[in-house]
Amino acid sequence: MSTSLPSTLHTKPPPQTYAILQFPQPYTILIIFNRPRHLNSIPSSVHHDMHLLLTWFDNEPSLRVAIVTGLGRAFCAGADLKEWNQHNAARAAGKPSVRQPMPGGGFAGLSRRTGKKPVIGAVNGVAFGGGMEAVANLDMVVACRSATFSLPEVKRGVVAAAGALPRIVRTVGRMRAMEMALTGRALTAVEGEKWGFVNYVTEDHADLKSERVEDVVGRPVVKKALELAEMVAGNSPDSVIISKAGINAGWEDGSVENATRVQDLLWSEKLAAGENIREGVLAFVEKRGPQWRDSKL
């Protein structure tokens, strides 16, 4: 585990006021939500920090996979409702808003992100509201057994408007999406796996409430996410980027054939012109492991 910047980075990450960054294994960045006393709820200014961080991650050639998790007993409990209440009070008094609008990446820079590299969630506890909206748009999700997921906005007179509603209906189906959005009830990790938005459920970590940063990598949920990240990072970075784009095109577009045409139009020549396709085929012929180059896509 390393909290210092690895020498392989080409550029430095943007400064963070909320997240702790670690580099526990090659090609992987671990982003730790760091507001444990507030269940990692997110003030409005943090969305911009996270959006900039994830944009940097997409553009940093030496990184191939990101993992997001939370410090303490929560993954992310959503928006900072105390700040939101101050915003409401200011509006009622005719004063300027104290909340900043979300960037293009949405809640935590994740809920509407269309980035080119995969992000894996290691959900270590509560994922409510915006935390669930972020989960709904992650590429893979690992959850500890005691993790819970909810869109409780209807209980607070607001709406899950950061991208989750149209996404969960494609993931879990209309009836289950209605149940999540209209009842606001919390789902268990096992239910999340059954419904299709959790890939794996792990055992809980020894101290669910631990706020020690050094304990994070040892959690079973993070270990499993690191295993998945290592598998992804061991493949051609060009192929991973294009495969992710192809899946997202089918998810967003709704037409399988149109998504296939778009993927071919946008990516086929770029893949064929790259170094990694030649290296992958040559390595197979020579019966050796491939030596991938950092992607230039």
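Computed from the coordinates by the stated procedures, all read-outs in this text should not be read as laboratory data. Note that the coordinates shown come from a computational prediction; the quantities given were computed from them, not determined experimentally. As a convention, Cβ positions derive from the backbone with ideal geometry for all residues, glycine included, and neighbour counts pool all protein chains shown.
Summary table
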quantity	calculated
Whole-number D in µm²/s for the chain (Stokes-Einstein; Kirkwood sum over Cα pairs; 20 °C, 1.002 mPa s)	107 µm²/s
ASP58 versus GLN100: modelled label distance in nm, points set 7 Å from Cα along the beta carbon direction	1.8 nm
Inter-site label distance for LYS223 and GLU257 at 7 Å from Cα along Cβ, in nm	4.9 nm
Region 163-207 versus region 251-297: alpha-carbon centroid distance in Å	32 Å
FRET efficiency for GLU279 and LEU182, using Cβ-Cβ distance with R0 set to 51 Å, rounded to 0.05	0.50
Acute angle (nearest 10 degrees) that the helix 256-273 long axis makes with the longest principal axis of the chain, alpha-carbon atoms	50 degrees
Size of charge dipole - the chain - debye, nearest 20, with Cβ of Lys, Arg +1 and Asp, Glu -1, no other charges	660 debye
